Amino acid sequence: MHNPVQGLKAAAWQFLDRNAVAFAKLSDAIFYFGELGMQEHRSARLMCDLLTTHGFQVDRSPSGIKTGFVARYGTGEPVVAIHTEYDANPGNSQRSGVAEPSEIVPGAPGHCEGHNVNAACMVSAALALRHVMAQYNLPGEIRIFGAPAEEQLISRPYFVRDGYFDDVDVALHPHVLDEFKSDYGVIQSAAISVDFDFIGRAAHAAVAPWDARDALDAVVLMDIGLAQFREHLQPGLSMHRVVTNGGEQPNVVPARAGAWWYFRGPTADAVRALFGRAQEIAEGAALMAGCTAVSSRRAAAWPVLLNRTMAEAIQRNVEAVGMPVWEEAEHAFARRLQCAAEKPETGLRLRVTPLSGPARQLAASNDCGDVSWKVPMGRVWFPANVPHLPFHHWSAGAALATSIAHRGGLAGAKALAGAAIDYLCDRDLLAATVEAFARDIDGARYEPLIALDQMPPNTLNATLMDRYRGQMERFYPIDIPVFT
């Protein structure tokens, strides 16, 4: 018997197959833009232009975030959201297709995880869904969220806080990996990102240091205090930092100094408590140095909770699509890259990873966690990078504008579109998902970890991006992706 849902999926996958070149051009353009969080202006513009051209209503600057967007197509219920990130990282410029450290622009930002492919996966799946919904007059709404600055955990907590997910039924998140699968459970940690600034008094460091109140001393004392506190951390808690201001020159005792800390934990409550203890230690450090301490949250995110019913639905689509059939040249490049990164030389994965779980909770965080406690959420992990390579390392950027990323990302877009079609068409599946979500959260009440009146940091990374953008522009692709 003919299954009408399978016919819809076949139409979506045919759309994606015939637009494989456009997919690759979109993914590669965002790779070469290499834009840092909150500065993804060209990346966002390209995606918004494509969505607008294909009939989406696009809201730029949701929650006041200038490089974010919300795009809508369709009317009625259910509302199926797809959201993902597209930011790069500082200091990770890497030529694609080169199996050794090789910067495109020395010192410049670059993609070293695969958020460029995330974006292409999301937008291409959205265009395929729009094509199918228009052709077959499907009710419901597809809502696409462009989520800047995931590496700084910024945008999606604002979107959730400000009501953009209040009427969403389910949410899907595509993310790059070296595997093709879904999973479920509490998979990533909560986090709070905080600036600690200390204010003291300057003086000549040689002539009259007794007249000073050294703000850098306070930074160092806080560091020592938290280092000692690490012995007493419960399992699953962690923290790490960079010094953001250590003074200007050695012969002037700095009147201002600061550090940027991340605090992570398995639950929102645990990370709140850890942050509270860090504030006490900062006050103690300031007291010892004769300074004043001021803390301000940059961002904060709940742990990521993935719904089992959604994972099972996604996995069925993953298995229907199947792992890309890699060419020997792709395996050979993967092995060279693994060798250069001093990792096992296994090449690319040959098969879909079976569904298992619940997943082990990772120490890493993702700001989509807030979405996952508001509405049921599932993740499509798609195979657009090479096994064993650590994210945020030069090697993880070397395959991101090659056929490995193109094939793996296109497979991810097919699974993503297929799962969205299931939720548009199957009300029983939707009801089962909502019931499972109620069990998952077990009465937990979502409250934002960011302040209700906090404004997004639109100037974040602007100075660093401006330093390199002119040099990076020479490598921007000329061809604009065209989907038909």
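Figures for the structure shown
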{"item": "Listed peptides 21-27, 47-53 by packing density, highest first (mean Cβ within 10 Å)", "result": "21-27, 47-53"}
{"item": "Within the stretch 40-174, percent of DSSP bridges classed antiparallel, to nearest 5", "result": "55 percent"}
{"item": "Only Lys, Arg (+1) and Asp, Glu (-1) charged, at Cβ; the stretch 210-327 dipole about Cα centre in debye", "result": "320 debye"}
{"item": "Theoretical ellipticity at 222 nm over the chain - DSSP helices of four or more residues, -39500 (n - 2.57) apiece, nearest 500", "result": "-13000 deg cm²/dmol"}
{"item": "Computed lengthening from Arg45 to Leu362, 0.36 nm per intervening residue step minus Cα-Cα distance", "result": "110.8 nm"}
{"item": "(1) 4, 19, 29, 26, 14, 6, 2, 0, 0, 0; (2) 4, 17, 26, 23, 14, 6, 3, 2, 2, 2, 1, 0, 0; (3) 4, 20, 31, 28, 14, 2, 0, with the label sought being that of the calculated P(r) over Cα pairs in 10 Å bins from 0, in percent", "result": "(1)"}
{"item": "Accessible carbon and sulfur surface of the stretch 370-457 relative to its total accessible area, %, 1.4 Å", "result": "53 percent"}
{"item": "Cβ crowding within 10 Å averaged over residues, with 239-250, 363-374 ranked highest first", "result": "363-374, 239-250"}
{"item": "Centre separation in Å (Cα based) which lies between the stretch 274-332 and the stretch 56-80", "result": "24 Å"}
{"item": "Normalised contact order of the chain, rounded percent, pairs of Cα under 8 Å and 6 or more residues apart", "result": "25 percent"}
{"item": "Net lengthening on full extension, Arg445/His240 (0.36 nm per residue, minus Cα-Cα)", "result": "71.0 nm"}
{"item": "Protection-proxy order for peptides 80-89, 407-416, 257-266, each taking the mean of Cβ atoms within 10 Å per residue, highest first", "result": "407-416, 80-89, 257-266"}
{"item": "Accessible surface of the stretch 35-104, 1.4 Å probe, proportion on carbon and sulfur as whole %", "result": "41 percent"}
{"item": "Projected area, mean over directions - the stretch 177-327, Cα convex hull, nm²", "result": "13.1 nm²"}
{"item": "21 Å Cα-Cα reach of Lys181 towards lysines, excluding residues that sit fewer than 8 places from it in its own chain", "result": "Lys9, Lys414"}
{"item": "Spatial separation of Cα centroids for the stretch 97-158 and the stretch 340-356, in angstrom", "result": "23 Å"}
{"item": "Percent carbon-and-sulfur accessible area, the stretch 183-325, ignoring ligands, DNA and RNA, probe 1.4 Å", "result": "54 percent"}
{"item": "Rough spin-label spacing in nm, given labels placed 7 Å along Cα→Cβ, for Phe391 and Thr346", "result": "1.9 nm"}
{"item": "C-alpha center-to-center spacing [the stretch 183-254, the stretch 367-443] in angstrom", "result": "36 Å"}
{"item": "Surface accessible to a 1.4 Å probe, per residue, for the residues of the stretch 210-362, Å²", "result": "53 Å²"}
{"item": "Counting DSSP beta bridges with both ends in the chain, the antiparallel % (nearest 5)", "result": "75 percent"}
{"item": "Loop GluC sites (Glu not before Pro), the stretch 282-319 (other Cβ atoms within 10 Å of the site Cβ: 16 or fewer; DSSP)", "result": "none"}
{"item": "Val252/Arg230 FRET efficiency (R0 35 Å; Cβ-Cβ; nearest 0.05)", "result": "0.65"}
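The values are calculated or read from the model by the stated rules, or taken from the named source; none is laboratory data. Remember, predicted model here, so these are calculated numbers, not experimental data. Ideal geometry is used to build each Cβ from the backbone, glycine not excepted, and the neighbour counts take in all protein chains shown. The protein model used for the area step is the full one, side chains on, heavy atoms only, and it has no ligands, DNA or RNA in it. Shrake-Rupley method; radii C 1.70, N 1.55, O 1.52, S 1.80 Å.
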